[in-house]
1. Beyond 21 Å, how much of the Cα-Cα pair distribution for the range 20-134 remains, as a whole percent?
2. Given a 1.4 angstrom probe, I'd like the percentage of the accessible area of the range 20-134 that is carbon and sulfur, rounded to a whole number.
3. In Å², and per residue, what accessible area does the range 20-134 have when probed at 1.4 Å with the other protein chains present?
4. Using θ = phi - 60° and the Karplus relation 6.51 cos²θ - 1.76 cosθ + 1.60, list the HN-Hα couplings for the range 30-36 in order, rounded to whole Hz, with x at every Gly or Pro.
Amino acid sequence: MKKIFVICMTMGTMSFASGYTQADRILDMQKMAQAMQDIQSGFFYNNLDIVTAGAQDLKSTIVNVGPTDAEKNNKDVYERWMNNHTAMTGRTQRRIKNYADTLVERFKDGDATQALQIYNRITAECMKCHISLRKW
Ligand code: HEC
């Protein structure tokens, strides 16, 4: 019985350690930066496939972004609130996903001006979080 308990505890700790880490998030951020560059290249080369692929990468990556497990378990109540509260929530994710879809639609319709405006709105979402959370 004791042995089983120890195994359960170990597995619990292991799965805790393999949760969302800062390294994971940095990787996700780099993927999103690449996706944004791809979208921009698609604009310049007037290539819908590149725009679509970039938007797809962005959408599939933003869903992973959030507080790391360490942040969620931060003992400092204020810091924990900041981390969980500040745009790290589903609202930013949903917004960026919607923008990505609309951007592709507009570009497909031949409205590059609108597509670029939406692109800028996505950039603003990225920077909003960086400014409030990272004080960058
Ligand atoms: C919800 C908050 C949030 C949003 C939204 C967000 N970021 Fe970040 N970003 C961070 C944090 C926090 C870091 C610092 C790395 C860390 O601590 O995980 C970061 C770091 C980065 C970095 C630096 C990575 C490195 O190699 O050091 C890049 C590039 C980046 N973000 C790009 C983006 C782009 C592009 C978007 C929008 C598509 C975006 N971020 C949206 C929170 C956010």
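1. Pairs farther apart than 21 Å: 37 percent.
2. Roughly 52 percent of what the probe reaches on the range 20-134 is carbon or sulfur.
3. 60 Å²
4. 5, 4, 5, 4, 5, 4, 5
The values are calculated or read from the model by the stated rules, or taken from the named source; none is laboratory data. Please read these numbers as outputs of a predicted model, since none were measured by experiment. Accessible surface areas use protein heavy atoms only, side chains included; no ligands, DNA or RNA. Shrake-Rupley method; radii C 1.70, N 1.55, O 1.52, S 1.80 Å.
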